[in-house]
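The values are calculated or read from the model by the stated rules, or taken from the named source; none is laboratory data. All values derive from a computational prediction rather than experimental measurement. Neighbour counts run over all protein chains shown; Cβ positions are idealised from the backbone, glycine included. Areas reflect the complete protein model, heavy atoms only, side chains present, ligands, DNA and RNA absent. Shrake-Rupley method; radii C 1.70, N 1.55, O 1.52, S 1.80 Å.
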Amino acid sequence: TGMVISRDENLYSAIEVEFNDAEKHRTMRLTDRYGFTMAALDDAAVLFAARSNHGNPSTVVYRCLAAWAANSDWQVQFEKGEEAEAVALGRKFAAVATSRRYVRVYSHTGAPRAVLCHAGPLVAIAAHRGLLAIVTHAGRATGGDDQSMGVTIYDLRDPSRPVRMCVEPLPISPGSTLAWSGFSDDGALCTVDSA
């Protein structure tokens, strides 16, 4: 879809959202008042999140990209002690993984739809259409440099009724780390490790 770029401008940070298809969406420029450190982008929206900083709580901001959907932007601020760790966008949902091992699922209108829990420390989340993948550490591996990770995939076509489709070990090369996870255009979960 495009990319989200953050630049430090001394007194504030500036964010640019550039799109691969310039005829469909124009470049978006925003002033970052929250110190965003993560973002997710699809054809319908861009989702930003920041950990707590400068007295501000951890904040999530959703910006709709459709011209007809004026005033459909929303934001959520978490209570003290809960921090946004990762974000993802699906067709009908926005997902925010937090430091309390929750994945908070919101509709595109900002209404809370579900709270999912995961057992181990978060590694990554990824979304595609109605699917959400959560990658976590699954415990200690037997080898010295090896990592043991698991992936849980949810069907969120109805975000208020999440269905856990599978919980599986995530294979990675010996001694490597997970570098990227996401879905192919056809909806297949893909990963890249450091090897």
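Take the conditions closer than 25 Å to V163 by Cβ, open to solvent by 30 Å² or more (accessible area, probe 1.4 Å), free of Cβ contacts under 8 Å to residues at least 60 places away in the same chain and among the aromatic types (F, W, Y) and apply them to Y12. Does it pass? Spelling it out, it is not the case that Y12 is closer than 25 Å to V163 by Cβ, open to solvent by 30 Å² or more (accessible area, probe 1.4 Å), free of Cβ contacts under 8 Å to residues at least 60 places away in the same chain and among the aromatic types (F, W, Y). Listed by position, the strands (runs of 3 or more DSSP E) inside region 139-195 whose residues that are open to solvent by less than 80 Å² (accessible area, probe 1.4 Å), among the small types (G, A, S) and modelled with pLDDT of 95 or more number at least 2 are 178-183.
The listed residues are I134, I125, and the only one of them that is free of Cβ contacts under 8 Å to residues at least 60 places away in the same chain, in contact with a Ser or Thr (Cβ under 9 Å, 6 or more places away or on another chain), closer than 29 Å to H54 by Cα and in a strand (DSSP E or B) turns out to be I125. Can you say whether N71 is of a type in the set (S, T, N, Q), over 23 Å from F183 (Cβ atoms), surrounded by fewer than 17 Cβ atoms within 10 Å (Cβ to Cβ) and touching a Phe, Trp or Tyr at 6+ places or on another chain (Cβ under 9 Å), as far as the supplied structure shows? No; evaluated as a whole, the condition is false for this residue.
Among the candidates L47, L11, L41, L30, the residue that is farther than 21 Å from R100 by Cα and in contact with a Leu (Cβ under 9 Å, 6 or more places away or on another chain) is uniquely L41.
Is it true that R7 is basic (K, R), touching a residue at least 12 places away in the same chain (Cβ under 8 Å) and open to solvent by 30 Å² or more (accessible area, probe 1.4 Å)? Taking the combined requirement at face value, the residue does not satisfy it.
Taken as a whole, the condition of being modelled with pLDDT of 90 or more and surrounded by 20 or more Cβ atoms within 10 Å (Cβ to Cβ) applies to H108. Scan region 53-64 and give yes if some residue there is open to solvent by less than 60 Å² (accessible area, probe 1.4 Å), in contact with a His (Cβ under 8 Å, 6 or more places away or on another chain), more than 20 Å from L131 (Cβ to Cβ) and part of a loop (DSSP other than H, G, I, E, B), otherwise no. No, region 53-64 contains no residue that is open to solvent by less than 60 Å² (accessible area, probe 1.4 Å), in contact with a His (Cβ under 8 Å, 6 or more places away or on another chain), more than 20 Å from L131 (Cβ to Cβ) and part of a loop (DSSP other than H, G, I, E, B). Do you know which residues across region 17-36 are among the acidic types (D, E) and open to solvent by 30 Å² or more (accessible area, probe 1.4 Å)? Result: E18, D21, E23. From the list T31, T1, T59, the lone residue that is within 30 Å of D186 (Cα to Cα) and hydroxyl-bearing (S, T, Y) is T1.
Residues being closer than 30 Å to R26 by Cα, modelled with pLDDT under 95, among the aliphatic types (A, V, I, L, M) and in a loop (DSSP other than H, G, I, E, B) are represented in region 68-77 by at least one member.
Kindly check whether there is at least one residue in region 102-122 that is of a type in the set (S, T, N, Q), touching a residue at least 24 places away in the same chain (Cβ under 8 Å) and assigned to a strand (DSSP E or B). No: zero hits. Taken together, A39, A88 contain a single residue that is within 19 Å of T1 (Cα to Cα) and open to solvent by 30 Å² or more (accessible area, probe 1.4 Å), which is A39.
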